[in-house]
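Here the structure comes first, spelled out in structure tokens, and everything after it is commentary.
The values are calculated or read from the model by the stated rules, or taken from the named source; none is laboratory data. If you're wondering where the values come from, they're calculated on a predicted model, not measured in any experiment. Cβ placement follows ideal geometry from the backbone for every residue including glycine, while neighbour counts extend to all protein chains displayed. What goes into the accessible areas is simple: the full protein's heavy atoms, side chains included, and nothing from ligands, DNA or RNA. Shrake-Rupley method; radii C 1.70, N 1.55, O 1.52, S 1.80 Å.
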Amino acid sequence: VQLQALGGGLVQPGGSLRLSCAASGKIFRIGTMGWFRRAPGKQRDLVAVFISGGGATNYADSVKGRFTLSRDSAKSTVDLQMNDLKIEDTAVYYCLCVVDGRNYWGQGTLVTVSS
């Protein structure tokens with residue numbers, strides 16, 4: 001199973017970006033799907049994640065109201081719409097998909113918010 005993440009780039013504060021992640025390969029069942037990020041000098045933290053089973057989507061407090069997670073289990077994709085971006089959103093963003101009980105990570109895509 002491989003994850004391909006797309007959509008990072010440079011954006012000004014207040015701008016928007018959409019990250020997309022697609023899983024491919026031998027997939028029987030996709031469970032939890034989401035996005036994490038690692039800011040410079042910090043650990044990797046949760047941004048937003050859809051928890052399979054419970055059906056809930058959890059967001060980091062810092063992105064609530066600005067970011068929206070959407071996923072399509074049939075297409076094995078998970079997207080992150082990011083609006084009103086702030087300088088502190090600058091980070092490498094990683095998608096996560098749990099496939100057949102195993103965690104798979106995308107390669108990371110850089111989001112830089114700067115004026």
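Where the eigenvalues come from the Cα gyration tensor of segment 5-47, what are the semi-axes √(5λ) of the equivalent ellipsoid, largest first, in whole Å? Mind dumping the intermediate values first?
Working: eigenvalues 125, 47, 16 Å².
Each semi-axis is the square root of five times an eigenvalue, giving 25, 15, 9 Å.
I'd like the carbon and sulfur percentage of the solvent accessible area for the chain, probe radius 1.4 Å, heavy atoms only, ligands and nucleic acids excluded. Mind showing how you got there, number by number?
On the way: 3010 of 6150 Å².
Roughly 49 percent, rounded to a whole number.
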Practice item. Just name one of GLY8, VAL78, GLY25: the one whose Cα is farthest towards the positive end of the charge dipole of segment 1-80 (beta-carbon charges, Lys/Arg +1, Asp/Glu -1). Key: GLY25
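Mind checking the per residue accessible area of the chain for me, 1.4 Å probe, whole number of Å²? Mind showing how you got there, number by number?
Details: 6150 Å² over 115 residues.
Accessible area per residue, the chain: 54 Å².
What FRET efficiency comes out for the pair SER16/ASP100, r = Cβ-Cβ distance, R0 = 25 Å, nearest 0.05?
Working: r = 34 Å, r/R0 = 1.34.
Computed FRET efficiency for SER16 and ASP100 comes out at 0.15.
Work out the P(r) tail for segment 44-85: percent of alpha carbon pairs separated by more than 17 Å, whole number. Please report the intermediate quantities before stating the final value.
On the way: 273 of 861 pairs.
It works out to 32 percent of all Cα pairs.
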Review point. Between SER73 and LEU110, what FRET efficiency comes out of the Förster formula 1/(1 + (r/R0)^6) with R0 = 22 Å and r the beta carbon distance, rounded to 0.05?
Key: 0.25
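Pairs of alpha-carbon atoms within less than 8 angstrom and 6+ residues apart define the contacts here; what relative contact order does the chain have, in percent? Write down the numbers at each step before the final one.
Working: 285 pairs, mean separation 43.3, N = 115.
Dividing the mean separation by the residue count of the chain yields 38 percent.
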Exercise for review: Could you calculate the contour length gain from SER62 to GLN43, that is, 0.36 nm times the residue separation minus the distance between their Cα atoms, to one decimal place in nm?
Suggested key: 5.3 nm
Practice item. Let me know the volume per residue of the alpha-carbon convex hull for the chain, in Å³. Key: 90
